[in-house]
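*Asks:* Have a look at the structure that comes next, please.
The values are calculated or read from the model by the stated rules, or taken from the named source; none is laboratory data. Note that the structure is predicted; figures quoted are calculated from it, not measured. So basically every Cβ, Gly included, is an ideal-geometry build from the backbone, and we count neighbours across all protein chains shown.
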Amino acid sequence: MKFTRKLAFNLFAWAIVLAVAFPLFWMLVTSFKPQFELFRRPPTFLPETFTLEHYWRLLSGTNFMIYFRNSAILSTVTTLVVVAIATVGSYSLVRFRYRGRESLAFIVLFTYLLPSVVLIIPLYLMLVQMGLSNTILSLVIAYSTFALPYALWLLRSFMAGIPEDLESAALVDGASRLGAFRDVILPQLLPGIISTALFAFILSWNEYLYALVLVNSDSARPLTTGVMNMLVSAFNIEWSLLMAASVMMSVPLIIVFAFLQSYLTRGFGAGGVKG
């Protein structure tokens with residue numbers, strides 16, 4: 001009976017994994033199929049003729065690399081800004097005692113609970129008045145508004161799990177507050193910082209709504225809106241190029257997870273421990 005339940009659970013888990021992974025697999029194999037195989041009936045499970053034509057057309061005949069560059073700059077800058085502010089802010093919320101500290105933390109969390117669409121119009125008007133509309137900087141500011149609250153709360157839980165005695169010992173030994181923060185707190189907080197950076201990077205890389213509203217020129221468009229604007233229209237969809245672009249858009253995230261998976265796992269474990 002126990003073996004049957006275990007077998008049923010494993011089959012159910014694998015069925016879910018295959019259901020989730022199959023669209024990714026189909027996207028990959030479709031990107032290598034020649035045009036005449038895309039709509040064949042019945043469809044071919046694997047490409048009968050392997051081709052890199054779609055990738056070559058995407059990289060040499062479109063603005064894909066401009067969009068890729070914009071997304072790389074946008075995601076990297078947003079991640080650095082969010083992590084820097086969230087690290088200092090979480091340190092303040094955990095280590096210092098001042099009136100309204102808990103209220104401030106819950107106000108920050110409340111801003112994250114607001115739907116993104118609610119903030120688009122006031123944020124757009126503010127950026128226009130500042131002369132920053134239709135720029136990558138405008139997207140950095142916009143993405144930071146909804147990535148920062150969650151990052152602050154995530155790092156707050158990590159910070160609460162670092163024993164205060166370690167910092168107190170460094171202060172007693174003659175270290176300054178900044179020195180203790182740099183030499184004691186930051187190394188202990190590293191898994192949390194990496195987990196927060198991954199969250200901010202993925203959020204910035206995949207965001208679509210703000211990029212669609214705030215930017216309308218190819219010089220500042222990221223991949224999400226650039227690819228849709230370039231390959232999808234009311235009358236035609238370039239399926240082969242769209243699949244190739246989707247694969248290329250996934251590569252940076254796969255690389256990031258491959259190198260930082262151990263830090264991410266440790267970070268989630270450390271964030272659940274306090275005291």
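*Asks:* Yes or no: region 112-125 includes at least one residue that is of a type in the set (Ser, Thr, Tyr) and either in contact with a Lys or Arg (Cβ under 9 Å, 6 or more places away or on another chain) or not in a helix (DSSP H, G or I) (or both).
*Replies:* From region 112-125, those of a type in the set (Ser, Thr, Tyr) are 112, 116, 124; that's our starting set.
Now restrict to residues that are either in contact with a Lys or Arg (Cβ under 9 Å, 6 or more places away or on another chain) or not in a helix (DSSP H, G or I) (or both): none.
No, region 112-125 has no match at all.
*Asks:* Which of the residues spanning region 157-166 are within 18 Å of VAL83 (Cβ to Cβ) and not in a helix (DSSP H, G or I)? Write out each step before concluding.
*Replies:* So the first thing to find is which residues in region 157-166 are within 18 Å of VAL83 (Cβ to Cβ), and the list is 157-162.
GLY161, ILE162 - these are the residues of region 157-166 that are within 18 Å of VAL83 (Cβ to Cβ) and not in a helix (DSSP H, G or I).
*Asks:* Assess whether SER92 counts as being exposed (fewer than 10 other Cβ atoms within 10 Å of the Cβ) and either part of a helix (DSSP H, G or I) or within 23 Å of the chain's Cα centre (by Cα) (or both). Spell out the reasoning first.
*Replies:* Values: exposed (fewer than 10 other Cβ atoms within 10 Å of the Cβ): no; either part of a helix (DSSP H, G or I) or within 23 Å of the chain's Cα centre (by Cα) (or both): yes.
Answer is no for this residue.
*Asks:* Determine which member of the set ALA170, ALA160 is aliphatic (A, V, I, L, M), surrounded by fewer than 20 Cβ atoms within 10 Å (Cβ to Cβ) and touching an Asp or Glu at 6+ places or on another chain (Cβ under 7 Å). First the steps, then the outcome.
*Replies:* On the way: ALA160 fails: touching an Asp or Glu at 6+ places or on another chain (Cβ under 7 Å).
Matching residue, one of ALA170, ALA160: ALA170.
Yes/no matrix, rows are residues, columns are (1) under 19 Å from VAL82 (Cα atoms); (2) under 19 Å from the mean Cα position of the chain (by Cα); (3) not assigned by TED's automatic domain parsing to the domain that holds PHE96:
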{"position": "LEU119", "(1), (2), (3)": "yes, no, no"}
{"position": "LEU125", "(1), (2), (3)": "no, no, no"}
{"position": "MET130", "(1), (2), (3)": "no, no, no"}
{"position": "PRO149", "(1), (2), (3)": "yes, yes, no"}
{"position": "LEU155", "(1), (2), (3)": "yes, yes, no"}
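*Asks:* Another question, if that's okay. Please enumerate the residues belonging to region 134-172 that are among the small types (Gly, Ala, Ser) and within 16 Å of VAL108 (Cα to Cα). Show your work before the answer.
*Replies:* In the first step, residues of region 134-172 are kept if they are among the small types (Gly, Ala, Ser); the result is 138, 142, 144, 147, 151, 157, 160-161, 168-170.
Selection gives ALA142, SER144, ALA147, ALA151, SER157.
*Asks:* Identify, please: which residue in region 167-210 is part of a loop (DSSP other than H, G, I, E, B) and among the hydroxyl-bearing types (Ser, Thr, Tyr) and is, among those, farthest from ALA142 (Cα to Cα)?
*Replies:* The qualifying residue farthest from ALA142 (Cα to Cα) is SER176.
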